[in-house]
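The structure under discussion appears below in the form of structure tokens.
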Amino acid sequence: MSVENAGGSTTTAPEMIPTDRLVLRTYRPGDHRDLLTFYGRSDVCRYLLNDPWDLAEAREAVQTRISRRDLAAGAVALVVECDGRVVGSVSAWLVEESGCTAETAHTAEVGWAFSPDFGGRGFATEAVTALIDLVFATPRLRRVVALMDSRNESSARLAQRIGMRREPHFRQNAWIKNEWTDTVVFATLRSEWPSVV
């Protein structure tokens, strides 16, 4: 996906972003049923901040994410579909940094979750690449990061596969789900990202 396809310099996510095999689209009422098929699984949520969703939590999450359409306003959240079936979700949000103003360059964090039922087909690679293309179409964004539990090897491989560089490894820096966990950071700069360079 090219930056032009993502809406040029606009910061509002288009309703649909086509890639070679996927469509990334904004959330709609009713998406909770499809998302619950994987966000309701303990293996998917093992390294996420949340426990597996129940039906009420899925509805609430979708309701919240419906309004996340503008990265410049704080966040964008998209559902990932293949042939009309929901296979995952991707999000990006601005990171508060000391010393940054509206006129300075900013950092965005990205996150993702995908259904294991569709694993091994490159969908996550394709979708997260399209998300970062969209992020860098936003003016004044200089850096994209992905923070993850250090045990989340599949997400680490994905970050490396799309060209993100591994940065710090923070030891026992987060108390999550009743245990201290390590966090690793992956990052890329606007000057390094293929669709921008």
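The values are calculated or read from the model by the stated rules, or taken from the named source; none is laboratory data. Source: prediction; values computed, not measured. Cβ placement follows ideal geometry from the backbone for every residue including glycine, while neighbour counts extend to all protein chains displayed. When the accessible area is computed, the model is the full protein with side chains, heavy atoms only, and any ligands, DNA or RNA have been set aside. Shrake-Rupley method; radii C 1.70, N 1.55, O 1.52, S 1.80 Å.
Per-residue packing, averaged as other Cβ atoms within 10 Å, sorts the ranges 122-134, 48-60 into the order 122-134, 48-60, beginning with the highest. The listed peptides 18-30, 77-89, 171-183, ordered by packing as a protection proxy, come out as 77-89, 18-30, 171-183 (highest mean of other Cβ atoms within 10 Å first). Computed from point charges on the beta carbon alone (+1 for Lys and Arg, -1 for Asp and Glu), the dipole magnitude for the chain about its Cα centre is near 220 Debye. Using a/c under 1.5 as the rounded threshold, could you call region 88-192 rounded, prolate or oblate? The axes a ≥ b ≥ c are square roots of the C-alpha gyration tensor eigenvalues, and prolate needs a/b larger than b/c, oblate otherwise. Oblate. Here the Karplus relation 6.51 cos²θ - 1.76 cosθ + 1.60, evaluated at θ = phi - 60°, turns the backbone of region 151-168 into coupling constants of 7, 7, 5, 5, 5, 5, 5, 4, 4, 5, 4, 8, x, 7, 9, 6, 10, x Hz, with x for every Gly and Pro. Once amide H atoms are built 1.01 Å from N in the peptide plane, which residues 5 or more positions from Thr19, or in another chain, come under 5 Å H to H? The answer is Leu24. In plain terms, if you count all Cα to Cα distances in the chain and split them into 5 Å steps from zero, the share in each step is 1, 8, 16, 20, 21, 18, 11, 4, 1 percent. Backbone amide hydrogens, once placed in the peptide plane, bring Trp53 within less than 5 Å of Gly40, Arg41, excluding anything fewer than 5 places away on its chain. By accessible area, using a 1.4 Å probe on protein heavy atoms only, the chain has 49% of its surface on carbon and sulfur. Calculate how many DSSP beta bridges within the chain are antiparallel, expressed in % of all such bridges and rounded to the nearest 5. Percent antiparallel among DSSP bridges in the chain is about 90.
For region 14-20, 3J(HN,Hα) computed residue by residue from phi via the Karplus equation (6.51, -1.76, 1.60; θ = phi - 60°) reads x, 4, 9, 10, x, 10, 4 Hz, glycine and proline entered as x.
Amide hydrogen proximity for Ile176: with H placed 1.01 Å from N in the peptide plane, the residues at 5 or more positions away or on another chain lying under 5 Å are Thr181. Per-residue ellipticity at 222 nm, computed for the chain from helices alone with -39500 (n - 2.57) per DSSP H run of at least four residues, works out to -7000 deg cm²/dmol. Along region 57-66 the Karplus relation, 6.51 cos²θ - 1.76 cosθ + 1.60 evaluated at θ = phi - 60°, assigns HN-Hα couplings of 5, 5, 4, 5, 4, 5, 4, 5, 6, 4 Hz to successive residues, with x for each Gly and Pro.
Among Tyr47, Ala77, Thr188, which residue has its Cα furthest toward the positive end of the charge dipole of the chain, with +1 on Lys/Arg Cβ and -1 on Asp/Glu Cβ? It is Thr188, whose Cα lies furthest towards the positive end.
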